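All remarks here apply to the structure that follows.
The values are calculated or read from the model by the stated rules, or taken from the named source; none is laboratory data. Predicted model only: the values in this text are computed from it and were never measured. Using ideal geometry, Cβ is built from the backbone for each residue, glycine included, and neighbour counts are taken over all protein chains shown. Keep in mind that these areas ignore ligands, DNA and RNA; they rest on the heavy atoms of the full protein, side chains included. Shrake-Rupley method; radii C 1.70, N 1.55, O 1.52, S 1.80 Å.
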Amino acid sequence: MRALLSPESSSLYFTSINIVSRDPNPCRSRTSLYFLKRDGGCRLIRRKPRSTAVKAVLDSATIEELGLKESDMRNPAISSTYRRSMLPKPNQTVLEAQARICTGPTQTRPLSEEQAFKVLDTILRSVRGELKDEEQVSKAQIGAFFAGMTIRANSFPEETQWSEGERRAMNLFWPLLLRALPPDVIFIADPEGSIMGLGNSVGPQFIGNGTTEMRLVGALREILAGGHLGYEEVQGVLKDVLPLKFEDGKSTGVSESLLSAFLIGQRMNRETDRELKAYCLAFDDELGPAPVADVSSLTHYGEPYDGNTRFFRSTLFVAAVRSCYGESSLLHGVEWMPPKGGVTEEQMLNFMGANTNLSLHQAKELIEDEEVGFAYISQHEARPSLYSLIGLREHIKKRPPLATTEKVQQFIRAKGKESIVAGFYHEGYEEPLLMLMKRRGVHSGLVVKGEEGALSMTTRLRSASTSKGFPVNYCSGFRSVGTETACKEDGVSHQSFRLEVNAMDYDFEPTDTPRTDRSNIELGLAALHGQKGPAYDRIVLNAGIVDHLLGCDGAEDVTIALDRAREAIDSGKALKKLLNYIKVSHKLK
């Protein structure tokens, strides 16, 4: 038996497969990388020691050949440099408190009395105008903080409600805050005038300014009480308030306090399926109908938009591999996203000189191009309304519902089969992600608990001290089938599966995962050039296993699926596809 998932039934099984390495000396260190020339050929770039990893990827001559400015080349291993400098930074004292209290019913960690005093004093001094520049507490931060406090008081379990220290601090500061805070924040902090016990009438009477805020305030009353909204109600709010418009770094539309309370409040209450559907589908028509690519298969990759800060991120290189045997891929994301602010595909493509400002129609052309076969689309091109929230999301601190739903997008459609693959970390979000994929009507869907909650399955041994929840390499998904035994949803029969992928069952040697302090690009390009090691193994593993689980043609046998991924690398085809992408992305009109 050579399949993880039998095509005849939904039963799952594992098997050990003997795979012989093609490299007679797998431990040999390769000493060079190829990189693109303007005429479409390749030139040899000598690898340098790790201390100069950036120059090993792009030396000065290559930068000149590609028409790039060396001053613009920022190493994705230092991903913080990609944060837009014009975004105002949040106050760190309040941000640390938000990280503790603006989370779920069981994850919240109440503040000590000392912490609560410090936070409330910081907010009071800020609204009085006593703090300047980065010390100021933004309206978004204040809205998120008080939303977290209110929801905890109204609906959280006793152990994550206010601590005695928080209550003492609030009793001392609230009379002072009541005189200093604007009405929208007073409403967020005490919407019914019942939490603080001072007979506050501002909260119960607050309705907002204008029809947009009135709708938002009405929705917030339900959220702050721990309740949920309907599909149309969520979509109505989002379409009313987005895109955010700014002047001098400040929103000129809806109150940032109210909007941040809305976004973090829904996450704290754990979104319902209908709420997640609303976030997922709200802006599908923002730029009109999605272009349709003339390809037989298209996989949409939903990596977490906030990137990786610890481990090698393999998806860009996996896409190049899969394109060698007709499996097209569409990657999407942003250059930089909070809260993690890690390495993203857009950073890597930017650094290698690719054009990351492609329109949807240009990305479609790359997918259809037999010399390329995959594409990356940036959120700032595909969903301007959602992209406008990046600054606000940094000040919310915790991930809003959009962090889940933006991974399940179909910016481009295909004439053939479509699949979606998305990463997750927190247990409980795997089923909502699969629900959204089925709602999209794709042929197959897969969620992967990769390293850092991203898509990269690992070849390292599972730690004996692994925390509770699903292990890394846990996969769950579905495939559309014609069998009568499969379950039906939205009128389509699905074969569902769940399993943990053990790389050692497929003769991968256990290895520690490469860290992001060594450039993802250096590691990925070395692997595509055939250098065996941890990065090479992860690219092969993630290409072959995903092909098999999605039910791709020719991947029914796991051995063959992994073998053809190796062949795509060892033949040089995958590297050529990536280099072609860089070249062709600049030629599109």
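Annotations
- Close amide H contacts of L242 (hydrogens built in the peptide plane, cut-off under 5 Å, sequence separation of 5 or more or a different chain): none are found.
- Highest mean packing first, where packing is the average number of other Cβ atoms within 10 Å per residue, the peptides 311-322, 114-125 line up as 311-322, 114-125.
- Nonlocal amide H pairs with G302, under 5 Å, H built at 1.01 Å: V421, A422, G423
- Summary of packing: across the peptides 345-352, 472-479, 80-87, 215-222, the per-residue average of other C-beta atoms within 10 Å ranks them, highest first, as 345-352, 472-479, 215-222, 80-87.
- Taking the Kirkwood radius as Rh and the Cα radius of gyration as Rg, region 290-379 has a ratio of Rg/Rh equal to 0.96.
- The Kirkwood hydrodynamic radius of region 330-409, based on inverse pair distances between different Cα atoms, is 13.5 Å.
- Largest first, the extents of the alpha carbon coordinates of region 176-294 on the three principal axes equal 65, 36, 21 Å.
- Simple label model, 7 Å out from Cα along Cβ direction - N209 to K587, nm: 5.3 nm
- Note that region 412-421 has calculated 3J(HN,Hα) couplings of 9, 9, 10, 6, x, 6, 10, 9, 10, 10 Hz, one per residue in order, obtained from phi through the Karplus relation 6.51 cos²θ - 1.76 cosθ + 1.60 (θ = phi - 60°); glycine and proline are x.
- For region 92-270, the Cα-based Rg and Dmax, in that order, read 15.3, 43 Å.
- Label sites at A225 and E114, each approximated as a point 7 angstrom past Cα along Cα to Cβ, lie 4.0 nm apart.
- For region 161-231: span of alpha carbons on each principal axis (Å, largest first): 38, 25, 15
- Once all protein chains are placed together, R462 keeps about 140 Å² accessible to a 1.4 angstrom probe.
- Check: region 343-430 dipole with +1 on Lys, Arg Cβ and -1 on Asp, Glu Cβ, in debye: 500 debye
- With the simple spin-label model, which puts each label point 7 Å out from Cα in the Cβ direction, the L172 to D273 separation comes to 4.9 nm.
- Centroid-to-centroid separation of region 133-165 and region 322-347 [C-alpha atoms, Å]: 33 Å
- Given +1 at the Cβ of Lys and Arg, -1 at the Cβ of Asp and Glu and no other charges, the dipole of region 296-445 around its Cα centre is 560 debye to the nearest 20.
- Listed peptides 175-183, 144-152 appear in the order 144-152, 175-183 once ranked by packing, highest mean of other Cβ atoms within 10 Å at the front.
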